[in-house]
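Asks: Here you go, one structure.
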Amino acid sequence: MNSMTKWILGLVVVVAVALLVMKDNEKTVYAPDDTSAIQSGVNEPTSINKEPVVQNAPSYTSIVKIKEVTGPASVATGLQTNWVISAEAPGTETTTYTANWADGSPKESQTSSNVFTHIYTKPGLYVITFTAKSTNSKLVQTLKTVNVVSANK
């Protein structure tokens, strides 16, 4: 191993250790009303033996479970598709359902029903994202694929 290779290897090790130390000091949490990860502040430990404390950490009191999503595996363009999300949320919490159709159309969200309808206008293979979130739970999602073919005219 020549000196240049040793130098590069040493640099890689130093960078890797620095990244591990930085990663160990950051805490990622999910806000109950936000679906994206946020970086929270971290209190400095007062002693070398104490762990940092995450500020503003959410406390989720329930978990929504998506049991099943039913809908077609294949459909022709221009035809309405029907999708039903079967989920369970603890107690009487309100559950919000969302469908992202992956075709450029706006996402749909609703709390009054777990049934969605959609019409695809272009053929293709689409991966739909369905989500469910109750009042005090984290957002959960599942993916479904639909093959949209050209309608015979």
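Asks: So how many residues does the range 85-128 have that are in contact with a Ser or Thr (Cβ under 6 Å, 6 or more places away or on another chain), more than 17 Å from Thr145 (Cα to Cα) and β-branched (Val, Ile, Thr)?
Replies: So the count comes out to 4.
Asks: Condition (residue is at pLDDT 95 or above and aliphatic (A, V, I, L, M)) applied to the range 52-66: is it met by at least one residue?
Replies: no
Asks: Of all the residues that make up the range 115-153, how many are crowded, with 17+ Cβ neighbours inside 10 Å and assigned to a strand (DSSP E or B)?
Replies: 13
The values are calculated or read from the model by the stated rules, or taken from the named source; none is laboratory data. Just so you know, these numbers come straight off a predicted model, no measurement behind them. Neighbour counts are summed over all protein chains in view; Cβ atoms, including those assigned to glycine, are modelled from backbone coordinates with ideal geometry.
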